[in-house]
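Taken together, the values in this text are just the output of simple stated rules run on the coordinates, not laboratory data. Only a predicted model underlies this, so the values are computations on that prediction, with no experimental measurement involved. With ideal geometry, Cβ positions are generated from the backbone for all residues, glycine too; neighbour counts draw on all protein chains shown.
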Amino acid sequence: MTTLVPVWPLSPSNEGPAFDSPWQAQAFSLVVHLHRSGLFAWQDWVAIFSAVIQEAPATPSESVNDAYYRQWLLATERLVESLGLTTAAAIAERTEAWRQAYLNTPHGQAVALSHASCPPHAEHHHHPRRAPVAVSQAR
């Protein structure tokens with residue numbers, strides 16, 4: 001029996017990684033990690049992802065990558081819920097916490113869940129991070 005192994009996705013032009021943002025790479029690697037940990041068969045992921053693509057097709061305002069990773073994220077949420085790793089309510093709660101953290105984070109600071117409980121116009125005492133968020137080698 002042949003086992004399908006996911007590979008690093010390439011951009012539509014096949015000229016490099018398809019990740020526009022770090023979260024896309026994290027979402028991709030999460031699914032690969034769960035699969036390699038033996039929590040589900042790759043065919044199960046393909047079925048879920050295919051269903052999401054049919055149910056939530058790309059919109060005219062989305063780039064190919066935006067649509068792909070929106071669908072990937074929806075499929076991932078469906079997968080982890082089906083595996084009993086979390087619930088839809090927990091996903092919704094965490095999504096809202098990140099939304100609040102984004103809205104409450106002062107300009108120039110990294111978004112962190114600790115900002116979720118700060119009132120939007122409150123005096124912020126968060127110290128800015130002086131370390132880079134990501135470092136990549138020059139090409």
| Tell me, in nm to one decimal, what length is gained between Val64 and Glu93 on full extension, where the rule is 0.36 nm per residue of separation less the Cα-Cα distance? | 7.6 nm
| task | Determine the principal axes of the Cα atoms in segment 22-104, then give the extent along each, sorted from largest to smallest and rounded to whole angstroms. | result | 39, 30, 23
| remark: Whole-Å distance linking the alpha carbon centroid of segment 42-82 with that of segment 21-41 is 13
| request: With a point put 7 Å past each Cα toward its Cβ, work out how far Ala41 is from Gln26 in nm, to one decimal. | output: 3.2
